[in-house]
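Structure first, then comments.
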Amino acid sequence: MSNQSLFSRRRPVLPPVLPRGEVLGSYSTYADAQGAVDALAKADFPVKELSIVGNDLKSVERVTGKLTYGRVALAGAASGAWLGIFFGILFFLFSPTGSSLPFVFAALIMGAGFGMLLGIASYAINRRRRDFTSTMQVIATNYQVIVDAELVNRARNLLSGSPAAPEVPEATTPPV
């Protein structure tokens, strides 16, 4: 998966249709499919004609730990501290005297305290619904690289390491 740059030109949004063409290869991991596309890109293949399609998608949630009041308080304090630092720096930058550096520290402490209180309160309300932390992923069983039918032979030759087209020897002129 690649992310579009925030500074790139606006491109028209493509309708959600499956790409057409022939299957260049099937890979068990996304990294392998991406490696094949990368190899073709390094060989100056027109990569705009390629697509990576994930098949048999599965949602996987991995449990990373148990939630406790201590963990919730620490996480709330950390996120509140970041918000406190942000507001403290804003106060410091726009202060007419410039001597408001203690406000940054005070805003950090107040932000951590409010974050801790809000975290504990929300955990106490939702305690029995979800007592664990987890991460969610969508994973495909296999990944296929799809290429336009006219370019499939060239792409297969490039991936196998042989030249894209047989080289034709230069015509030599006989001596006069």
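The values are calculated or read from the model by the stated rules, or taken from the named source; none is laboratory data. Quick caveat: nothing in here was measured; it's all calculated off a predicted structure. Note that we place each Cβ from the backbone using ideal geometry, even for glycine, and neighbour counts take in every protein chain shown. The protein model used for the area step is the full one, side chains on, heavy atoms only, and it has no ligands, DNA or RNA in it. Shrake-Rupley method; radii C 1.70, N 1.55, O 1.52, S 1.80 Å.
Remarks
- Filtered residues of the stretch 112-143 (kept if open to solvent by 50 Å² or more (accessible area, probe 1.4 Å) and either under 20 Å from P19 (Cα atoms) or in a strand (DSSP E or B) (or both)): F132, T135, M136, Q137, V138, I139, T141
- The residues of the stretch 91-125 that are of a type in the set (F, W, Y) and touching a helix residue (DSSP H, G or I) at 6+ places or on another chain (Cβ under 8 Å), listed by number, are F91, F92, F103, F105, F114, Y123.
- Residue identified as touching a residue at least 40 places away in the same chain (Cβ under 8 Å), out of contact with any Leu (no Cβ under 8 Å at 6 or more places or on another chain) and part of a helix (DSSP H, G or I) among V63, V37, V72: V72
- Candidate set from the stretch 90-111 (those that are open to solvent by less than 80 Å² (accessible area, probe 1.4 Å) and either under 32 Å from the mean Cα position of the chain (by Cα) or of a type in the set (G, A, S) (or both)); member that is farthest from L67 (Cα to Cα): G98
- For the stretch 41-60, filtering for residues that are part of a helix (DSSP H, G or I) and in contact (Cβ under 8 Å) with a residue 60 or more places away in the chain leaves 1.
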